[in-house]
Amino acid sequence: MNPLDYLRLQLRLEGKEIIKDDLLRQVEIVPDEEVPWILIARLADENLVAYFDEALPVKVREELTKQVSDFTFPNIELLSALLENKNISFEIGHYKTYILPEECAAFKDEGVTYFSRHDPKVQAFGFDGFAESVFAIEQDGKIVSACVSTRENDFCGEAWVYTDEDYRHRGFAQKVVNTWAASLLIAGKVPFYSHKIQNIASATLAKRLGLQPIFEEIVISK
């Protein structure tokens, strides 16, 4: 699968799809997700792609398309200025997304336990609002580190991982993420891991896990 296919896969996980080559549309209601005004991605193969909300006025889209042709990732000053001049309110996010290697399918760790999201221990940890399967490490009768799909469909899932502050720097996060990824890979799904660029802790975990960067996004939202 090429990097653009992975981007399309993750967009679909968020309920979005690409139409007419450069337009985005929301095709499924996903909590806390809506189509951004602009999404610009630098793919792992160094190609740059840009997509626009189909609701954005045609004239504005045409001007933005011209700006994108001269866009140096991740410099967004020109795009920001254009939207400001059009009195369009927006917020900017910068994200990096990885896939976990297929070798994770063979990962097993007896210290990681499968829980249902309905389990009282999961509820106490605050992970009961995500996917059904939660992979966690217990200490002293409580969950101290866990990974779950914040979103998951028939094709892929995206990791959400957290470790209690008192139990960090013990390798727990790596173990629960790898176990979560193994469950998806065995099911024939792609395990995604994403974080905001400024989230140093998540970036460090990605490095420790040896994850493969697949694309980086600038998202300009309503």
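No value in this document is a laboratory result; all are computed from the given coordinates. Everything quoted here is computed from the prediction, not taken from an experiment. FYI the Cβ positions are ideal-geometry reconstructions off the backbone, even for glycines, and counts take in every protein chain you see.
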Taking each full run of DSSP H in the chain as one helix, which ones are at least 20 Å long along their axis (Cα atoms) and have mean Kyte-Doolittle hydropathy of at least 1.0? 172-186
In the structure shown, do any of 20/96; 20/86; 16/108; 189/222; 16/59; 108/207 have a Cα-Cα gap over 27 Å, and if so which? 16/108; 189/222
Which residues among region 154-169 fall inside the zone where the amide N is under 19 Å from a point 7 Å beyond the Cα of residue 139, along Cα→Cβ? 161-169
Please list, in chain and number order, the residues 5+ apart from residue 151 or on another chain whose amide H is under 5 Å from its amide H, with Hs placed from the backbone. 158
Most exposed to least, judged by fewest other Cβ atoms within 10 Å, 195, 94, 169, 118 sort to 169, 118, 94, 195
Over the Cα atoms of the chain, what Rg and Dmax result, in angstrom? 18.9, 61
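Quick one: length gained pulling residue 33 to residue 91 fully straight, 0.36 nm per residue minus the C-alpha distance?
Residue separation times 0.36 nm, minus the Cα-Cα distance, leaves 19.5 nm.
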How much net charge surrounds residue 186 when only other residues with a Cβ under 13 Å from its Cβ are counted (Lys, Arg +1; Asp, Glu -1)? 0
Near residue 142, which aspartates and glutamates are there with a Cα under 19 Å away, not counting those fewer than 8 places off in the same chain? 109, 110, 119, 128, 132, 164, 165, 166
Estimated FRET transfer efficiency (residue 117, residue 5; beta-carbon r; R0 25 Å; 0.05): 0.25
Once the dipole of the chain is set up with Lys and Arg at +1 and Asp and Glu at -1 on Cβ about the Cα centre, which of 149, 41, 111 lies farthest towards its positive end? 111
Exposed-site-free run, longest, the chain (rule: GluC sites (Glu not before Pro); DSSP loop; at most 12 other C-beta within 10 Å): 133-222
I'd like the distance between the alpha-carbon centres of region 156-173 and region 40-93, rounded to an integer number of Å. 34
Helix-only mean residue ellipticity at 222 nm for the chain, each DSSP H run of n ≥ 4 adding -39500 (n - 2.57), per residue, nearest 500: -8500 deg cm²/dmol
Given a cut-off of under 8 Å on Cα pairs at least six residues apart, what relative contact order in percent is computed for the chain? 26
Selection of chymotrypsin sites (Phe, Trp or Tyr not before Pro), region 139-222, meeting DSSP coil and at most 16 other Cβ within 10 Å: 155
Output the relative contact order of region 3-98, whole-number percent, from Cα pairs under 8 angstrom with separation of 6+ residues. 17
Can you list residues from other chains, or at least 5 along the same chain, whose modelled amide H is less than 5 Å from the amide H of residue 55? none
So what J values fall out for region 98-113 if you push phi through Karplus, 6.51 cos²θ - 1.76 cosθ + 1.60 with θ = phi - 60°, rounded to Hz, Gly and Pro as x? 10, 10, 8, x, 4, 4, 5, 4, 8, 6, 9, 9, 5, x, 9, 10
Out of region 54-132, which chymotrypsin sites (Phe, Trp or Tyr not before Pro) are coil in DSSP terms and have no more than 16 other C-beta atoms within 10 Å? 90
Length gain on complete extension for the stretch residue 154 to residue 169, per 0.36 nm per residue less the alpha carbon to alpha carbon distance? 2.1 nm
